[in-house]
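Peer 1: Mind having a look at this structure? Questions to follow.
The values are calculated or read from the model by the stated rules, or taken from the named source; none is laboratory data. These numbers were taken from a predicted model, which means no experiment stands behind them. Here the Cβ is made from the backbone with ideal geometry for all residues, glycine too, and neighbour counts use every protein chain on show.
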Amino acid sequence: MDAVARFTELVGAPDPPLDRAALALAAGAAPRAEPGRDIERGLAELDRLAVGVTSLDGLVHRLFVQEAFAGNGKDYYDPRNSLLPHVLRRRLGIPITLAVVTIEVGRRAGIALEGVGMPGHFLVRAVGTHTLLDVFAGGTPLTPAECEARFRAAAGPEAPFGPHLLTATPTRAILVRMLENLRAIYRSRRSAADLEWVLRMRLALPGAGMPERLELAEALGDQARWVDGATLLERYADGAGSAQAEKLTNAAKGLRAHLN
């Protein structure tokens, strides 16, 4: 089973486990690796990190002092920051992957945590409390005013802020956000092969549609796989409404024109 198929099967389950799903996602970036073995290695490291942790303060100390996990502010858009095995190995990540580490190590230690998908800066919260942590900044506790300041630094001073931006983020939404980060990185790098696996995984999760399908076909075309891209779009067109079907069919014709 290839990495995309493994990920698709996993996230199709009623309640996909965040740790396994995030590790399966990362396997798309290592097609010649052994996904099953890599996943088990990542799970074992998360297990190890949880040993002896008994409190939230202890968890923060273990991860950000003893183990020296940190936010990679120097090279934020390095794709390895969005791939959990690399984060576990390098001890560097971005807010959302550091949050996954914190949530999953906490779960193993009996500390219930949840992701908070504040736009521009992912946070972690102790379930049932108002305790928010900035794991990109070493697990620093945040007040509501400090959350707002981080939000405005990313979204602008006039952007409206409120409690609706601090709701819990479910597992599939976390995975979508991780994939969207990688999508933006690989698009900017014009890395069509990487963009392909990211988009295939994105299409396995809620909220994907026409833009992702068109971009996937374009990524195939950028690899000179014009027939593959056209065939994909034609297959999507078969089950689409008339307006979408026309757009998909026209895009397929554009790809096939490269064969002339």
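Peer 1: In this structure, does residue 92 turn out to be surrounded by 13 or more Cβ atoms within 10 Å (Cβ to Cβ), of a type outside the set (Ser, Thr, Tyr) and within 16 Å of the chain's Cα centre (by Cα)?
Peer 2: yes
Peer 1: Among (1) touching a Leu at 6+ places or on another chain (Cβ under 7 Å); (2) assigned to a helix (DSSP H, G or I); (3) more than 21 Å from residue 2 (Cβ to Cβ), which single condition is residue 240 missing?
Peer 2: Of everything listed in (1) touching a Leu at 6+ places or on another chain (Cβ under 7 Å); (2) assigned to a helix (DSSP H, G or I); (3) more than 21 Å from residue 2 (Cβ to Cβ), residue 240 misses just condition (2).
Peer 1: Also, I was wondering about something else. Determine which single condition residue 104 fails, assuming it passes every other condition in (1) modelled with pLDDT of 95 or more; (2) touching an Asp or Glu at 6+ places or on another chain (Cβ under 9 Å); (3) surrounded by fewer than 22 Cβ atoms within 10 Å (Cβ to Cβ).
Peer 2: Residue 104 satisfies every listed condition except (3).
Peer 1: Let me ask something additional. Are there any pairs, at least 6 apart or on different chains, whose C-beta atoms fall under 7 Å, with the first in region 75-103 and at positive phi and the second surrounded by fewer than 20 Cβ atoms within 10 Å (Cβ to Cβ), and if so, which?
Peer 2: Partner pairs satisfying both residue conditions: 91/67; 91/68; 91/70.
Peer 1: Taking only pairs six or more apart or across chains, which ones have beta-carbon atoms under 6 Å, a first residue in region 180-199 that is free of Cβ contacts under 8 Å to residues at least 60 places away in the same chain, and a second residue that is surrounded by 15 or more Cβ atoms within 10 Å (Cβ to Cβ) and small (Gly, Ala, Ser)?
Peer 2: Listed by first residue and then by second, the contacts come to 192/219; 195/219; 196/219.
Conditions (1) touching a residue at least 40 places away in the same chain (Cβ under 8 Å); (2) within 23 Å of residue 132 (Cα to Cα); (3) of a type in the set (Lys, Arg), marked per residue:
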| site | (1), (2), (3) |
| --- | --- |
| 23 | yes, no, no |
| 43 | no, no, no |
| 46 | yes, yes, no |
| 61 | no, yes, no |
| 68 | no, yes, no |
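Peer 1: Also, I was wondering about something else. Can you tell me which residue within region 131-145, out of those that are over 19 Å from residue 92 (Cα atoms) and free of Cβ contacts under 8 Å to residues at least 60 places away in the same chain, is nearest to the chain's Cα centre (by Cα)?
Peer 2: Per the criteria, the residue is 132.
Peer 1: Name the residue that is modelled with the highest pLDDT, counting only residues in region 152-193 that are more than 29 Å from residue 17 (Cβ to Cβ) and surrounded by 13 or more Cβ atoms within 10 Å (Cβ to Cβ).
Peer 2: This residue is 192.
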